[in-house]
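Below is one structure, written out as structure tokens; the observations come after it.
The values are calculated or read from the model by the stated rules, or taken from the named source; none is laboratory data. Quantities reported herein were computed from a predicted structural model and do not represent experimental measurements. Here the Cβ positions follow ideal geometry from the backbone for every residue, glycine too, while neighbour counts run over all protein chains shown.
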Amino acid sequence: MKKLNDILGPSKYMIVLDLFLQNPEEFMNLREVARRIDKNPASVMKVLPSLVNRDYITSTRIGAKIIAYKLNKENKRVKLLLEFLGKLEEEDL
């Protein structure tokens, strides 16, 4: 699947959102997100609250200190993004 980061240009926000769009069924904690995109957890932590506030991802507390994040597939914008990326993939653009 194409990545928004490739289409719209690089930014931490897009890189993190791309990760969730590419893995819509997976729960990931802060360290896992940082590891997968090869960024410092502190810089990723600045992006995650914004994505949660915009309802692109959901957060679930697991235990006292760990929070897991997942793509919010019920969000209309997320649905449109997934559809858009799917169409780009179909067209091989």
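Structure data summary
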read-out	value
In the range 36-53, the residues that are within 15 Å of D18 (Cα to Cα) and surrounded by 11 or more Cβ atoms within 10 Å (Cβ to Cβ)	R36, I37, K39, V44, V47, L48, S50, L51, V52
Scope the range 56-81; condition of a type in the set (D, E, K, R), assigned to a loop (DSSP other than H, G, I, E, B) and modelled with pLDDT of 95 or more; matching residues	K73, E74
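Here's the yes/no breakdown for (1) touching a residue at least 60 places away in the same chain (Cβ under 8 Å); (2) under 20 Å from R36 (Cβ atoms); (3) surrounded by 14 or more Cβ atoms within 10 Å (Cβ to Cβ):
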position: T60; (1), (2), (3): no, yes, no
position: A64; (1), (2), (3): no, no, no
position: E74; (1), (2), (3): no, no, no
position: L82; (1), (2), (3): yes, yes, yes
position: K87; (1), (2), (3): no, no, no
position: E91; (1), (2), (3): no, no, no
